[in-house]
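The structure appears right after this line, and notes come after that.
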Amino acid sequence: MNRGRAPARPASAPAAGSAPAPDPTADQATKDAMSNATTVSPAHSASTASTLITNIAALVTNDPSLGWGSPRSSKFESGGNSPLGLVRDAAVVIDGDRIAWTGESSKAPATDNRVDAGGRAVLPGFVDSHSHLVFAGDRTEEFNARMSGRPYSAGGIRTTVAATRAATDAELEANLTRYLTEALRQGTTTFETKSGYGLTVADEARALRIAAAHTDEVTYLGAHIVSPDHADDPAAYVALVTGEMLDACAPYARWIDVFCEKGAFDGDQARAILTAGKAKGLHPRIHANQLSYGPGVQLAVELDAASADHCTHLTDADVDALASGRTVATLLPGAEFSTRAEWPDARRLLDAGVTVALSTDCNPGSSFTSSVPFCIALAVRDMGMTPDEAVWSATAGGAAALRRTDIGRLTPGACADLILLDAPSHVHLAYRPGVPLVTGVWRRGIRVV
């Protein structure tokens, strides 16, 4: 099974807002010196204030060695094989923008400040590795029609393209920050977002420029659909996406994506687009197998894409390919909910050893939700995931889909991105769907909610 291991982040792509990762040798030496907790020497100056969050009923670390039968912890959950590293009666120390210590409350070190969690649960901040937040306009009428019986297709994207092209930079940025604030209140501390609603050189480049002011996880999606301007000549649009548009967009992006689907781009076109992006230093991800069976998943694994997103219609060969490679299967239950489509079979993927991420796919057409907790509840109710698996996939799984090892976990050296639930257990995210349980959010060590 590989779903508990996030692939290494490329050295060429530093973490958003983060310092270099701590020396693993030094980290292990400190770990060995502790019998019931883990720690690292603070990477910050002595003047940096440290904060202890204590009286945590259940701490999700995403380090299995810290819980679930770990010999290093006397308080753990037994009888399962959870990837969460769940510690009861726990505490965590924040030093600057990093986690400095995790363990049992009774063994917590002295700190400058102290926060009483009041018997609540603490989790890593959610990592939303798939969203489309640079857009303008509204597609309420489309949603209403779909809920009245019209099937979903990719064609509605053109409505958002027209509105986005007509919007000013200020309007696009205001919309983006609105949804980022909305997501942060619900516990999302890291997000990826894409272009794809401009489909001209200038509009795609400005979308990425606006996004890059808010996150390092920016994805060039000029290949969302064939631009309406090139409806009669798709080959010319592919040439634009892989040429002038790519040149203009690459400086703002880390990733390149393509919607490989009937009505969008076929396998050969997708390969050409992703290969051109790789030549410019962008790493692939791909919209794959959402509406029908197709070549997207196999292509993702072939090109070592960080993620294949949607993965609704899979053959056994697709599942085997994902299990044998590093590509994460990112599932987006908000899309199935909003289109009344068939649910992805998460159980099938997990049982095969595929690394799974959960994300919102927040966009104005097919999944207009910024709520990771909502997606967790859907995944547990309708996709065959356990609460533990869904929470892991929305935190460490999302980090894996972004090839990040500094987020999605609460272990020494990781970014101090964490959330406090108004509940004693992470299970309440699925147990109490729709309830605003996130009562505190720390991002890079600063309490922002």
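How much net charge surrounds Ala305 when only the other residues with a Cβ under 12 Å from the Cβ of Ala305 are counted, with Lys and Arg +1 and Asp and Glu -1? If you can, show how the numbers build up before the last one.
Details: positive: Arg271, Lys278, Arg285, Arg326, Arg403; negative: Asp257, Glu302, Asp304, Asp309.
Its environment carries a net charge of +1.
Could you tell me which residue out of Gly384, Ala250, Ser65 lies farthest along the dipole of the chain toward its positive end? Charges go on the beta carbon: Lys and Arg +1, Asp and Glu -1, centred on the Cα centre.
Farthest along the dipole direction, towards plus: Ser65.
May I ask you to evaluate 6.51 cos²θ - 1.76 cosθ + 1.60, the Karplus curve with θ = phi - 60°, for each residue of segment 278-293 and list the ³J(HN,Hα) values in order in whole Hz, giving x for glycine and proline?
Here the 3J(HN,Hα) series is 4, 5, 9, x, 8, 9, x, 9, 8, 6, 9, 6, 7, 9, 6, 5 Hz.
Can you give me the convex hull volume of the Cα atoms of the chain, divided per residue and expressed in Å³? Walk me through the numbers before you get to the answer.
Numbers: hull volume 58.7 nm³, N = 449.
In the chain, the Cα convex hull volume per residue is 131 Å³.
Rounded, prolate or oblate, given the Cα gyration tensor of segment 229-326, with a/c below 1.5 counting as rounded?
oblate
On C-alpha positions alone, give me the angle between the axis of helix 169-185 and the longest principal axis of the chain, in degrees, nearest 10.
So the helix axis and the longest Cα principal axis differ by about 40 degrees.
Quick one: ranking Thr360, Thr386 by accessible area, 1.4 Å probe, largest first, what do you get?
Correct descending sequence by accessible area is Thr386, Thr360.
So what is the calculated 222 nm ellipticity per residue for the chain, using -39500 (n - 2.57) for each DSSP H run with n of 4 or more, over all residues, to the nearest 500 deg cm²/dmol? List each step's numbers first, then the result.
Values: 15 runs with 144 residues, N = 449.
Taking each H run of at least 4 residues, the total per residue is -9500 deg cm²/dmol.
What residue among Arg150, Arg326, Arg185 has the largest mean-square fluctuation in a Gaussian network model of the chain, using Cα springs under 10 Å?
Arg150
Please give the net charge around Ala205, taking every other residue with its beta carbon less than 14 angstrom from that of Ala205, where Lys and Arg add +1 and Asp and Glu add -1.
Details: positive: Arg165, Lys194, Arg206, Arg209, Lys280; negative: Asp169, Asp203, Glu204, Glu244, Asp247.
Net charge in that neighbourhood comes out at 0.
Counting only residues 5 or more places away or on other chains, whose amide H sits under 5 Å from the amide H of Thr405 once H atoms are built in the peptide plane?
When sequence neighbours closer than 5 places are left aside, the close amide H contacts are Arg9.
Which percentage, to the nearest 5, of the DSSP beta bridges contained in the chain is antiparallel? Walk me through the numbers before you get to the answer.
Values: 27 of 57 bridges.
Once the DSSP bridges in the chain are tallied, antiparallel ones form about 45 percent.
All other residues with a Cβ under 11 Å from the Cβ of Leu332 taken together, and with Lys, Arg as +1 and Asp, Glu as -1, what is their net charge?
Working: positive: none; negative: Asp128, Asp309, Glu336, Asp361.
Result for the local shell: -4.
With a/c under 1.5 counting as rounded, go ahead and sort segment 275-370 into rounded, prolate or oblate using the C-alpha gyration tensor (a ≥ b ≥ c being the square roots of the eigenvalues; past the cut-off, prolate if a/b is larger than b/c, else oblate). Could the numbers behind the result be given before it?
On the way: a/c = 1.86, a/b = 1.20, b/c = 1.54.
Here segment 275-370 falls in the oblate category.
Could you quote the convex hull projected area for segment 99-196, Cα atoms only and averaged over all directions, in nm²?
On the way: hull surface 41.8 nm².
Mean projected area for segment 99-196: 10.5 nm², to one decimal.
Would you report the distance distribution of C-alpha pairs in segment 183-250 as whole percents per 10 angstrom bin, up to the bin with the largest distance?
For segment 183-250, the binned pair fractions read 22, 46, 21, 9, 1 percent.
Taking θ as phi - 60°, what are the ³J(HN,Hα) couplings along segment 212-223 by the Karplus curve (6.51, -1.76, 1.60), each to the nearest whole Hz, with x for Gly and Pro?
Here the 3J(HN,Hα) series is 5, 6, 10, 7, 7, 8, 10, 10, 7, 10, x, 8 Hz.
Tell me the angle of helix 372-382 to the major Cα principal axis of the chain, expressed in degrees between 0 and 90 and rounded to the nearest ten.
The helix 372-382 is inclined about 80 degrees to the chain.
The values are calculated or read from the model by the stated rules, or taken from the named source; none is laboratory data. Quick caveat: nothing in here was measured; it's all calculated off a predicted structure. Please note: Cβ atoms are built from the backbone with ideal geometry, for glycine as well, and neighbour counts cover all protein chains shown. Just so you know, the surface numbers come from the protein's heavy atoms only, side chains and all, with ligands and any DNA or RNA stripped out. Shrake-Rupley method; radii C 1.70, N 1.55, O 1.52, S 1.80 Å.
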